[in-house]
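Take a look at the structure below.
The values are calculated or read from the model by the stated rules, or taken from the named source; none is laboratory data. None of the values given here were measured: they were computed from a predicted structure. Here Cβ is always computed from backbone atoms with ideal geometry, including for glycine, and neighbour counts include all displayed protein chains.
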Amino acid sequence: MIIVAAVLVVHVMLAIWVRDHANRKPSEMPDYRTHVGAVTLHFWRGAYSVHNINVVKTSGKSTGAVFLRANVSSKTPSFRRLKEN
């Protein structure tokens with residue numbers, strides 16, 4: 001029971017850490033403002049989903065223009081392609 005609780009806590013904390021990292025890293029780009037709403041990790045298939053992505057240009061000719069907006073973006077690695085290398 002303790003192991004299940006520990007795995008659950010690690011899963012939740014890792015998702016929060018990944019979301020915070022996804023919000024912090026793109027903010028290092030000076031011309032864009034980025035916000036990620038949530039990140040869902042799918043350990044059983046090695047994938048993740050990013051929810052409510054919003055990237056806005058903050059400088060230049062088209063200031064305030066939405067560069068990217070998506071409700072959900074899912075990424076799954078191709079294990080077949082990884083084995084080829």
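Which one of these is touching a His at 6+ places or on another chain (Cβ under 8 Å) and not polar (S, T, N, Q): Val4, Val39?
Exactly one of Val4, Val39 is touching a His at 6+ places or on another chain (Cβ under 8 Å) and not polar (S, T, N, Q), namely Val39.
Taking Arg24, is it modelled with pLDDT of 85 or more and closer than 21 Å to Val10 by Cβ? Taking the combined requirement at face value, the residue satisfies it.
Within the range 61-68, can one find any residue that is in contact with a helix residue (DSSP H, G or I) (Cβ under 7 Å, 6 or more places away or on another chain), surrounded by 13 or more Cβ atoms within 10 Å (Cβ to Cβ) and modelled with pLDDT of 80 or more?
No, because not a single residue in the range 61-68 is in contact with a helix residue (DSSP H, G or I) (Cβ under 7 Å, 6 or more places away or on another chain), surrounded by 13 or more Cβ atoms within 10 Å (Cβ to Cβ) and modelled with pLDDT of 80 or more.
Looking only at residues of the range 1-44 that are surrounded by 14 or more Cβ atoms within 10 Å (Cβ to Cβ) and of a type in the set (Val, Ile, Thr), we find that the one that is farthest from Thr58 (Cα to Cα) is Thr40.
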